[in-house]
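> A single structure is presented below for examination.
The values are calculated or read from the model by the stated rules, or taken from the named source; none is laboratory data. Treat the numbers as computed from the prediction; the structure is a model and nothing was measured. For neighbour counting, all protein chains shown are included, and Cβ atoms are generated from backbone atoms with ideal geometry for every residue, glycine included. Quick note on the areas: whole protein, heavy atoms, side chains included, nothing else; ligands and nucleic acids left out. Shrake-Rupley method; radii C 1.70, N 1.55, O 1.52, S 1.80 Å.
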Amino acid sequence: MAIILDSLLPLSRPTLPARLSTPFPPPASCLCTRRNQSFQAFSIPRRNAMALIVSTYIFSEVGLHDNIAFAEPSVGFREYIDTFDGYSLKYPQNWIQVRGAGADIFFRDPYVLDENLSVELSSPSSSRYKTVEDLGPPEEAGKKVLKQYLTEFMSTRLGVRRESNILSTSSKVADDGKLYYQIEVNIKSYANTNELAVMPQDRVPRLEWNRRYLSVLGVENNRLYELRLQTPESVFVEEENDLRQVMDSFRVNKVAG
């Protein structure tokens, strides 16, 4: 069962993404079906340009003067709680869920198609994790995360080259008392403009994409949980605060039974 709760937040106060919580003011609710999962929505649009256009139009219509200072719009979030597998997270309220993407859950930005999040879980039958420290210190975990990304992005095309860097690794104890690792990496993909050219000077490498990958690792129920965020570096500059709120919201929870 899923519950959707909506509320309007002030534009000047950014809030966190959210499958269940109680926003303010008191929301209207409706019931829909999916296994034991819940959602919550804060209904503030996220695209700064559109918000500025709409805000400008509204203020001009009511006859306000040029010295009005516009507040930066806040992003809205929904909360996704999976009581079956035991995790929760918050995500931008206008992102859409994509089914059949291979992950346990997958959401993406409907406008920036390279921007998405997913959750990966280790198999309950083949893993016996007790703590995220079983991966070693954050630095070692970061190397494993980067290696996994590069394996997944391996290409058989001629002239394709990947550059990668671990930008940061850290650990923190969240408000649930559990230890989490946070990993950030950058990966760039280059491809030759003419991979079949005979002369090296005719095979000019060009940048295909430049992305930031953010991972949060946690352990519960003898399983390793990984929240993955992917975004173009150019978009990360604009939306860093929102994406870090998504990272900070990730929790792993004990499954009953």
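> Please list F84, F236 from largest to smallest accessible area, probe radius 1.4 Å, with all protein chains kept in place.
The ranking, largest first, comes out as F84, F236.
> If you don't mind, another one. If you rank D175, D248 by how much accessible surface each has, with a 1.4 Å probe, what is the order from largest down?
Greatest to least solvent exposure: D175, D248.
> Could I ask something else about it? Calculate, in nm to one decimal, what V160 and F84 gain on full extension: separation in residues at 0.36 nm each, minus their alpha carbon distance. Intermediate values should be presented prior to the final figure.
On the way: separation 76, 0.36 × 76 = 27.36 nm, distance 4.05 nm.
So the extension gain works out to 23.3 nm.
> Within the stretch 158-187, whose backbone N sits under 20 Å from a point 7 Å along Cα→Cβ of T131?
Only 169-183 pass the distance filter.
> Moving on. For K254 and R99, what does the FRET efficiency come to when R0 = 35 Å and r is the distance between their Cβ atoms, rounded to the nearest 0.05?
The value I calculate is 0.85.
> A follow-up question, please. According to a simple spin-label model (label point 7 Å from Cα along Cα-to-Cβ), what is the distance in nm between T151 and K188?
Reported label-point gap for K188 and T151 is 2.6 nm.
> Tell me, what is the 1.4 Å probe accessible area of T193, in Å² to the nearest 10?
80 Å²
> May I pose another question? Ignoring ligands, DNA and RNA, how do I105, I166 rank by accessible area with a 1.4 Å probe, largest first?
Output order, biggest surface exposure first: I166, I105.
> Oh, and also: Report Rg/Rh for the stretch 101-194, rounded to two decimals, where Rg is the Cα radius of gyration and Rh the Kirkwood radius.
Rounded to two decimals, Rg over Rh is 1.02.
> Provide the FRET efficiency to the nearest 0.05 for the S234-K143 pair, computing r from the beta carbons and using R0 = 25 Å.
On the way: r = 26 Å, r/R0 = 1.05.
Efficiency, from the Cβ-Cβ distance: 0.45.
> In debye, nearest 20: dipole of the stretch 78-252 around its Cα centre with unit charges on the Cβ of K, R (+) and D, E (-)? Don't skip to the end; give the middle numbers.
Working: 23 positive and 28 negative charges, 99 e Å.
Roughly 480 debye for the stretch 78-252.
> Same structure again: Dividing the alpha-carbon radius of gyration of the stretch 78-252 by 2.2 N^0.38 Å (N being the number of residues), what value is obtained?
Cα-based Rg divided by the globular estimate yields 1.13.
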